[in-house]
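Remarks on the structure that follows.
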Amino acid sequence: MIKPTSSTTDHLVDPRPILERAIATGGVVIAGVRPEQLTDPTPCTDMNVRVLVGHLVGVLDRVAALGNGEDPFAVTETPVPDDRWADAWTESGRRAASAWSDDAVLGRPMALPWIEGSGAEVLTSYFSELTVHTWDLATATGQRPDWDETVVAAALEARKILPAENRLALYEEISTAMGLDEVAVPFAEAVPVPDDAPGIERLVAWNGRNPRR
């Protein structure tokens, strides 16, 4: 489990504006999904487009649960009619923003199987998942959004949560802590890319995607 060294939020950048920007980019990509693409495969190999959009909405619902002091793993990914994905994303984004609107939540101690720290630190850990899965969706549906460099930079900072290699051991530990019968492996081993590659390519490559395939 990663344990950030900061003991207060005084030295942390408020992650909430970055969350809002990540949500905005995700909204653009979700709105660009065409109905005939919903069964197409994605770089997240166990999800098609429809399942991936549902998972992204579920990530925001887990972020909201954390802010509300609830168990994020009790959140279920509720089926949404195919013509309401954009609305579902907007609604989940509003719930997440509302749950974190009180400054006190940023300093509240929180823990997940892979990180423990202040609310601000734990919230920051979600930037990578949101951004990488938004890239998955954009890639699967042929979109080239304008990536928000502030969000990408924050997500790159959070990548230390994943080890550089032997990630299966981490996922086995997390799955055991969550009481899962099967080991979920959402991000494969890091893929090498040039150091001067765009930030979004370095981010998704670190998370096991090949951005140049």
Every residue from segment 167-213 that is at pLDDT 75 or above, of a type in the set (Lys, Arg) and not in a loop (DSSP other than H, G, I, E, B): 202
Residue list for segment 63-83, filter: free of Cβ contacts under 8 Å to residues at least 40 places away in the same chain, part of a helix (DSSP H, G or I) and touching an Asp or Glu at 6+ places or on another chain (Cβ under 9 Å): 64, 65
Complete set of residues in segment 145-166 that are of a type in the set (Gly, Ala, Ser) and either out of contact with any helix residue (DSSP H, G or I) (no Cβ under 7 Å at 6 or more places or on another chain) or not in a helix (DSSP H, G or I) (or both): 164
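Kindly check whether there is at least one residue in segment 45-61 that is farther than 25 Å from residue 112 by Cα, modelled with pLDDT under 95 and either of a type in the set (Gly, Ala, Ser) or surrounded by 13 or more Cβ atoms within 10 Å (Cβ to Cβ) (or both).
Step one: filter segment 45-61 for residues farther than 25 Å from residue 112 by Cα, giving 48-50.
Those still in the list that are modelled with pLDDT under 95 too: none.
So far as segment 45-61 goes, no, none of its residues is farther than 25 Å from residue 112 by Cα, modelled with pLDDT under 95 and either of a type in the set (Gly, Ala, Ser) or surrounded by 13 or more Cβ atoms within 10 Å (Cβ to Cβ) (or both).
The values are calculated or read from the model by the stated rules, or taken from the named source; none is laboratory data. Please read these numbers as outputs of a predicted model, since none were measured by experiment. All Cβ positions, even for glycine, are placed from backbone atoms using ideal geometry, and neighbour counts span all protein chains on display.
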